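Everything below concerns the one structure shown next.
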Amino acid sequence: MNLMANLLPAAAEIFLLVMVCFILIFDLLLKQNKIYTYLFVQLTLLGCSLITVGTHQHGVFYAFNGMFVDDLLSDVLKMLSYLGMSMVLVYSRQYLLLRGLFTGEFLVLALFALLGMNVMISASHFLTLYLGLELLSLSLYAMVALQRDSAIATEAAMKYFVLGALASGLLLYGMSMLYGATGSLELGAVSNAIHQGVQNKALLAFGLVFIVSGLAFKLGVVPFHMWVPDVYHGAPTAMTLLIGSVPKLAAFAFVVRILVEGLQSLVSDWSGMLMVLAIASMALGNLSAIAQTNIKRMFAYSTITHMGFMLLGLISGSIEGYGAAMFYTVVYMIMSLGGFGMIMMLSRAGFEADTLDDFKGLNQRSPWLAFMMMLLMLSMAGIPPTVGFYAKFSVLSAVVQAGYTWLAVVAVLFSLIGAFYYLRIIKLMYFDVPESHVPIVVESDTGLLMTLNGLGVLLLGMLPGTLMTICAVSVRQSLLLH
Amino acid sequence: MIFGLPVISVAIWLPILFGMLVLATGDDKNAPMARLLALVGSVLGFVVTLPLYAGFNTSTSAMQFVELHDWINRFNIHYYLGVDGISMLFILLNSFFTVIVVIAGWRVIEKRVSQYMAAFLVMSGIVNGVFAALDAVLFYVFWEAMLIPMFIIIGVWGGPNRIYATMKFFLYTLLGSLLMLVALIYLYNITGGSFSILDFHRVSIPMTAQMLIFIAFFFAFAVKVPMFPVHTWLPDAHVEAPTGGSVVLAAIMLKVGAYGFLRFSMPITPDASHKMAGIMIALSLIAIVYIGLVALMQSDMKKLVAYSSISHMGFVTLGLFIFNAYGMEGALMQMLSHGFVAGALFLCIGVLYDRMHSRRIADYGGVVNKMPVFAAFFMLFAMANSGLPGTSAFVGEFMVLMGAIKVNFWYAFGAATTLIFGAAYTLWLYKRVIFGKIANPHVEELTDVNAREILILAMLTIFVLGMGLYPLPVGEILHASVNDLLVHVAQSKLPL
């Protein structure tokens, strides 16, 4: 009975792990057609979400001696990550099929990455956090390198791996210092110890700096952003889609778990650091994005910007701010799924639609796709009535509430610069003449998903209240109950 | 109520709904269908706004036809709509002009008809929302959303340099809007968590904050008006926009800026408004005089009318910031009148452009020989643009001058020069285009206005003359709201 109670909070992860192992074997038996593996993976995701919903209870539950936590925040983030992963797979199926990458390995690695994310989301101990992070990162390194004969993908994988390993090192170093200062690796205990006063302040400060640097590396914010454009550009678009979307949820959870749950007492220290990171990211990300001709690189810089903006929500140090940051992350995931999904839909065998010029005259080739892309771009630029506006709005609101009105002004001025390069995409699609007249073949499943994605951005923009409340409530409950 | 539905909501969503339907007709094979649907949609869109006029109570300054529903509870944001005397007439004006542009684009637009018509219908609904919104976030959503269709209209159907113009238009206006957003969030915080504009009117704000809020609002609204020196996007946008786009820009878009001053800047930050009034008046006078002179030198017809618009809008901002009833009511009259007159002038230029594909004044001359009916209409609107008594423009300009002279003789003196410059550039334009010898062989081939064009020009004539000869009904609608606004503006909002 005790064992069951201990395992129940982690039921979805256990199920996922069992299914991954099963799929690994099942896939060996299938020779050519991987569609069954694919369907099996999608069913696994469905199963996971059913289990997560089924085992949800009001309150906070710990398992494995306080290393693993199940609360509303983790359940909501997990549900969203299942949804995101499922969308990633739908978008990338045809793209990978045409490139011979639609293999069992890809699907299994994707599930392992998901498992890593889930562990990160539910971690309440430095070791679990690190374990989840490494499981996610190693899966992603391998996925980027999956296209073995592509020099650029291999280079991207190497860069990703080396810099990722460095970041992990920084994090571990920081964690060990915190352990030295507080005598515990469990987030709750660390928090208590700091709250009661720590002897060695210098050790604590150094630990914090290393931790923030490591987090910044993983989030890809300036000045730890160097890997982002190269990896986004070099990786096959399906992998870029995966890297650029769902893991951001886990990264958000990671940051909240460490900084808010573990180190809330040091908020005045880390919020200053995050402020520098955020401003630098918004400045450099936006300015560099203007100069890009490759849309994947442009999105990479735009990601840097968005992550910087998300950090603004955390700076406020209030529960409203954390809720806003979560809302921002979720919205960002939805938009980036659509954006990269669109690149893959316009690609075909032997052709990557990854330069800006490939979007020229899209309105004449496919008005519907152009309209969807326009909605996504407007949302990224934060222009109502799309949901991107409310994401920016809620973060700005938290920033102003915290008394940093000047910071909000800085943020909106950078958004103005950002609006330029998103508008440029709309300009290319609507005002320019197409360079190629090859008909765009749209699979029915990706087409439907893109429609849902684009209109979703619009509908969520009309009625953003529900999602906003979900984010706010889940953050509030999890943090207050701890 | 219309069939049990609230009037303002219908006025907003009906055109948008029709816009979507028009969009659904697809490519240009179904163009006749798209045009017909757009016409039905725009006419219905206008008809549903008429109950606002018929049921309007002129004796109160309170908001009427109010709709209040929860929208985003997390931030206490409501779907809150209502009109007073200031906003109601603009909703009518906007819906009326949608009909005009649909008819004006009937034959002229041949590529991507459905998208063109849909963009105008959607924009019509959104602009109605701007004028009716009483919740600041709702207002902001409509305010920004308005840019999207205009961006597309200029960028797709505009002239050769359209991309530069439309980018400039969008980014210029976005800059101001974003600063306004920060100001709105700040106000939300100091009202203790309300986005209702009416709550903003009541809250007291320290002077420094008032100044900063005023400046943020100034960027948002001055760009839209546009005031000197942030007016430079307008000539570009006007010149490159298709006729319908220019008409909506002149008749509607410029009005939302002045409306913003009335609804936000002046009642929310009255002390800052008084303090900044000197600068605002100076900028208005520069716009009136200097831009009037700039207009005189233009060789492009659309550019000339664009500069003339800036100059006339200078009258509006002057009227607002002299803080008396004459000035403010005159400014509102001038806004309405300028909508009709500038809209009509852009339509006239459109008529010529459709035939000759040139906007250069030098390419014309002697048009009266070939297009006598057109020349008569053009004459009337040219006269109205120079403020001839009996036309709508006279009423507004005269009232603003009366208001100005009460405050300071030299304000009125500066403003009055526009009566000379305005007459000079408009009549000179008219002379060069319409009279004289036929210098260009293309003019020889011109045909006079057809029934469709006569219809739209005649509709505008009715309003221009009607408002000029009998402005009383309009004035009655404005009185209560303007007086209430003046009371608001006179009260200090500084914390005690």
I'd like to compare A:193-203, A:50-60, A:375-385, A:222-232: which one has the highest average count of other Cβ atoms within 10 Å, and what's the full order after that? A:375-385, A:222-232, A:50-60, A:193-203
At 222 nm, what value in deg cm²/dmol follows for chain B if DSSP H runs of at least 4 each add -39500 (n - 2.57) and the sum is divided by all its residues, to the nearest 500? -23000 deg cm²/dmol
In the stretch B:421-481, which GluC sites (Glu not before Pro) are in a loop and have at most 11 other Cβ atoms within 10 Å, using DSSP for the loop call? B:GLU445
Given Cβ point charges of +1 (Lys, Arg) and -1 (Asp, Glu) and nothing else, what value in debye, to the nearest 20, does the dipole of the stretch B:1-145 about its Cα centre take? 420 debye
Quick check: convex hull over the Cα atoms of the stretch A:1-144, volume per residue in Å³, rounded to an integer? 101 Å³
Estimated vicinal HN-Hα couplings, Hz - the stretch A:448-463 in sequence order (Karplus 6.51, -1.76, 1.60; Gly, Pro = x): 5, 5, 4, 4, 4, 5, x, 5, x, 4, 6, 5, 4, x, 6, 10
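Working from the alpha-carbon coordinates of the stretch A:343-401, get Rg over Rh, Rh being the Kirkwood radius. It would help to have the intermediate numbers written out before the result.
Working: Rg = 15.4 Å, Rh = 13.2 Å.
Radius of gyration relative to Kirkwood radius: 1.17.
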Shape call, the stretch B:370-460: gyration tensor on alpha carbons, a/c limit 1.5: oblate
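Quick one: B:THR269, A:THR405, A:THR469, A:THR329, fewest Cβ neighbours within 10 Å first, how do they rank?
A:THR469, A:THR405, A:THR329, B:THR269
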Counting helices only, and only those DSSP H runs with n ≥ 4, report the 222 nm mean residue ellipticity of chain A as the sum of -39,500 (n - 2.57) divided by its residues, in deg cm²/dmol to the nearest 500. -25500 deg cm²/dmol
FRET efficiency for A:LEU480 and B:THR60 from the Cβ-Cβ distance with R0 = 51 Å, rounded to 0.05, comes out at 0.60
Using 7 Å Cα-to-Cβ label points, what is the B:SER299/B:GLN491 separation (nm, one decimal)? 5.7 nm
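Classify chain B as rounded, prolate or oblate, taking a ≥ b ≥ c as the square roots of the eigenvalues of its Cα gyration tensor: rounded when a/c is under 1.5, otherwise prolate if a/b is larger than b/c and oblate if not. Each step should come with its number before you reach the end.
Details: a/c = 1.74, a/b = 1.28, b/c = 1.36.
Note, shape of chain B comes out oblate.
Expressed as a rounded percentage, what relative contact order does the stretch B:1-145 have, with Cα pairs under 8 Å and six or more residues apart?
Rounded, it is 35 percent for the stretch B:1-145.
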Net +/- balance of residues flanking B:LEU81 in space, Cβ distance below 15 Å, scoring K and R +1, D and E -1: -3
Using a cut-off of 16 Å between alpha-carbon atoms, which aspartates and glutamates can reach B:LYS111, once sequence neighbours fewer than 8 places away in the same chain are excluded? A:ASP432, B:ASP27, B:ASP28, B:ASP354
Residues whose placed amide H lies under 5 Å from that of A:ALA145, excluding near-sequence neighbours: none
Using only Cα atoms, locate the centre of the stretch A:117-162 and the centre of the stretch B:303-320, then give the distance between them in Å, rounded to an integer. 60 Å
Would you mind ranking B:TYR186, B:TYR80 by Cβ crowding within 10 Å, fewest neighbours first? B:TYR186, B:TYR80
Rounded to 0.05, the calculated FRET efficiency for the beta carbons of A:LEU203 and B:ALA24 at R₀ = 56 Å is 0.30
Can you tell me, using C-alpha contacts under 8 Å and at least 6 residues apart, the relative contact order of chain B as a whole percent? 16 percent
Taking Cα centroids, how far is the stretch B:398-452 from the stretch A:209-236 in Å? 61 Å
As I understand it, the value is the acute angle between the Cα axis of helix B:85-104 and the longest principal axis of the Cα atoms of chain B; what does it come to in degrees, rounded to 10? 30 degrees
Test of understanding: ordering A:LYS78, B:LYS370, A:LYS31 by Cβ neighbours within 10 Å, fewest first, what list do you get? A:LYS31, B:LYS370, A:LYS78
Leaving out same-chain residues fewer than 8 places away, which lysines sit with a Cα under 29 Å from that of B:LYS406? B:LYS224, B:LYS255, B:LYS275, B:LYS493
By the C-alpha gyration tensor axes a ≥ b ≥ c (rounded if a/c is under 1.5, else prolate when a/b exceeds b/c, else oblate), the shape of the protein assembly as shown is prolate
Near A:ALA300, within a Cβ-to-Cβ distance under 14 Å, what is the net charge of the other residues, with Lys and Arg +1 and Asp and Glu -1? +2
Averaged over residues of A:417-430, the number of beta carbons from other chains lying within 10 Å of each residue's Cβ is 3
Taking the Cα centroid of the stretch B:127-201 and of the stretch A:15-37, what is the distance between the two, rounded to the nearest whole Å? 52 Å
Going residue by residue through the stretch B:399-410, the Karplus relation 6.51 cos²θ - 1.76 cosθ + 1.60 with θ = phi - 60° gives ³J(HN,Hα) values, rounded to whole Hz and with x marking Gly or Pro, of 5, 5, 5, 4, x, 5, 5, 5, 8, 7, 4, 6
Considering every residue in B:65-73, what mean count of other chain Cβ atoms within 10 Å of its Cβ is obtained? 2
Amide H proximity to B:SER204 below 5 Å, modelled H, separation 5+ or other chain, gives none
Near the amide H of B:SER196, under 5 Å away, which other amide H atoms are found, from residues 5 or more places off or on another chain, if H is placed in the peptide plane? B:ALA136
Alpha-carbon Debye profile of the stretch A:2-481, log10 I(q)/I(0) at 0.05, 0.08 Å⁻¹: -0.17, -0.44
Can you list the lysines whose alpha carbon sits under 19 Å from that of A:LYS248, skipping same-chain ones fewer than 8 residues off? A:LYS78, A:LYS218, A:LYS296, A:LYS392
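How shielded is A:398-410 by partner chains, expressed as the average number of their Cβ atoms within 10 Å of its Cβ atoms?
What the average comes to for A:398-410 is 3.
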Quick one: compute a quarter of the convex hull surface over the Cα atoms of the stretch B:12-92 and quote it in nm². 7.1 nm²
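Values quoted throughout were computed directly from the atomic coordinates according to the rules given, and no laboratory measurement underlies them. Values in this document were obtained by computation on a predicted structure and should not be read as measured data. Neighbour counts are summed over all protein chains in view; Cβ atoms, including those assigned to glycine, are modelled from backbone coordinates with ideal geometry.
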